[in-house]
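First the structure, in the form of structure tokens, and then the observations on it.
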Amino acid sequence: SQISPENGYSTIDNTPTFEWTQITGATKYLFQVRDLSNTLIAEILVSDATYCSGGTCTWEIDQALPIGEYKWHVRAKNGRNFGRWTAYREITIALDLP
């Protein structure tokens, strides 16, 4: 499951850090960011050994996201098998926060 950012989160940081729960037995995680029209913005397959520790996986997106609204989700992988996607969480990259 996703940890942060929470659904509906708004930030001026255009390279936010994403966190999700480490899954026992997973060797990798497929992570996606899409805009609200469902266009793929970023996708990366990250290693459990490199990005996860103590039950939490952390990845800072390596491309700056333009101001706008996005949704993100992740799924675990073991061998050739993928788990189910988590539900989407929405995040807004804002110019200024209210």
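The values are calculated or read from the model by the stated rules, or taken from the named source; none is laboratory data. Treat the numbers as computed from the prediction; the structure is a model and nothing was measured. Methodologically, a virtual Cβ is constructed for each residue, glycine included, from the backbone with ideal geometry; neighbour enumeration extends over all protein chains shown. SASA here: full protein model, heavy atoms, side chains in, ligands and nucleic acids out. Shrake-Rupley method; radii C 1.70, N 1.55, O 1.52, S 1.80 Å.
General remarks:
- Test item: Cα-centred dipole of the stretch 55-98, Lys/Arg +1 and Asp/Glu -1 on Cβ, debye: 500 debye
- Point-to-point label distance, L95-E60, nm (Cα→Cβ direction, 7 Å offset): 2.6 nm
- Placing unit charges on each Cβ (+1 for Lys and Arg, -1 for Asp and Glu) gives the stretch 1-61 a dipole about its Cα centre, and among I41, N7, T27 the Cα reaching farthest toward its positive end belongs to T27.
- In the chain, helices alone account for a calculated mean residue ellipticity at 222 nm of -500 deg cm²/dmol, with every DSSP H run of four or more residues adding -39,500 (n - 2.57).
- Surface composition of the chain: carbon and sulfur make up 47 percent of the accessible area, probe 1.4 Å.
- The relative contact order of the chain comes to 38 percent, based on Cα pairs under 8 Å that sit 6 or more residues apart.
- The loop-placed trypsin sites (Lys or Arg not before Pro) in the stretch 32-95, going by DSSP, that have at most 15 neighbouring Cβ atoms within 10 Å of their Cβ come out as R80, R84.
- The residues of the stretch 16-98 present an accessible area of 57 Å² per residue when probed at 1.4 Å with all protein chains retained.
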